[in-house]
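Chemist: Below is a structure I'd like to ask you about.
Rule-based calculations on the coordinates, nothing more; no lab input. The shown structure was predicted, so the numbers you read here are calculated from the model rather than taken from an experiment. With ideal geometry, Cβ positions are generated from the backbone for all residues, glycine too; neighbour counts draw on all protein chains shown.
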Amino acid sequence: MNIIKSVVVLVFATNILSAVVIKPFQANFSQVVTNTQGKKLRYSGQIYTNKDKNILWQYKIPTIKNIYVSINQVIIEEPLLEQAIYTAIEGGLSINGILSSAKKIGANRYKSTLQGTTYFVKIQKNKILNINYNDKFGNKVYIGFHDIKTDPKYKRGLFVFRAKSSYDIIRK
């Protein structure tokens, strides 16, 4: 499963819905990836976003993983492996040109295409409820958000990754 793609999806969804006034939020999430044979992989955890478009995904199940997203970089921390993977995002996550082509396709439903993938986003009362898409391998991906809190107050430094001295650092 391409974690970076999931991260870009959320940034995409947040921007696509900016006309609907999506505020910074924190929520629990459930992610289900169904392959072409119907086998499902389930992930869950918490997500935090802020007004500066920083995102922190904290995966809890099936394994602990933290993903820090800024405008031009994704850092995947894998505590059990004692490693952090830094990936630059070419051109940053400013995808407003693509987002401007998003179409409302129904009550609280939006559709848009980013890099050849079509995304469906559902909102209600200015909150992202879920995102659905098929990835390049034919997997169906569903990300649902619940227990959503808007405009949360965060501890200073929540969106800043600090590698432990024992970590291996990988740069892509």
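Chemist: Can you sort Val160, Val69 by how many other beta carbons sit within 10 Å, fewest first?
Modeler: Val160, Val69
Chemist: If you don't mind, there's one more thing I want to ask. Around Tyr86, what is the net charge, scoring Lys/Arg as +1 and Asp/Glu as -1 over all other residues with Cβ under 11 Å from its Cβ?
Modeler: Every neighbour counted, the sum reads +1.
Chemist: For the cross-link pairs Lys103/Lys164; Lys40/Lys155; Lys51/Lys104; Lys125/Lys164; Lys127/Lys155, which exceed 32 Å when the distance is taken from alpha carbon to alpha carbon?
Modeler: Lys103/Lys164; Lys40/Lys155; Lys125/Lys164
Chemist: Now a separate question. Using each residue's phi in the stretch 135-142, evaluate 6.51 cos²θ - 1.76 cosθ + 1.60 at θ = phi - 60° and report the 3J(HN,Hα) Karplus result to the nearest Hz, with x for Gly and Pro.
Modeler: My calculation for the stretch 135-142 gives 7, 5, 9, x, 6, 8, 10, 10 Hz in order.
Chemist: Apply the Karplus parameterisation 6.51 cos²θ - 1.76 cosθ + 1.60, with θ equal to phi minus 60°, to every residue of the stretch 154-170 and state each ³J(HN,Hα) to the nearest whole Hz, in sequence, with x for glycine and proline.
Modeler: Result, rounded to whole Hz: 10, 5, 4, x, 4, 8, 9, 8, 10, 6, 6, 4, 7, 6, 7, 10, 10.
Chemist: If you don't mind, there's one more thing I want to ask. Give, as a single signed number, the net charge of other residues whose beta carbon lies under 14 Å from the beta carbon of Lys149, with Lys and Arg counted +1 and Asp and Glu -1.
Modeler: Here the count lands on +2.
Chemist: In sequence order, what are the phi-derived ³J(HN,Hα) couplings for the stretch 59-76 according to the Karplus relation 6.51 cos²θ - 1.76 cosθ + 1.60 with θ = phi - 60°, rounded to whole Hz, with x for glycine and proline?
Modeler: So the Karplus estimates, Gly and Pro as x, are 6, 10, 10, x, 9, 6, 7, 10, 10, 9, 10, 10, 4, 10, 8, 10, 10, 9 Hz.
Chemist: Could I ask something else about it? Answer rounded, prolate or oblate for the stretch 41-82, using the Cα gyration tensor with square roots of eigenvalues a ≥ b ≥ c: rounded when a/c is under 1.5, else prolate when a/b is larger than b/c, else oblate.
Modeler: Because a/c hits 1.5 or more and a/b fails to exceed b/c, the stretch 41-82 counts as oblate.
Chemist: Separate question: Starting with the fewest neighbours, write out Lys111, Lys164 ranked by other beta-carbon atoms found within 10 Å of each beta-carbon.
Modeler: With the sparsest Cβ surroundings first, the list reads Lys164, Lys111.
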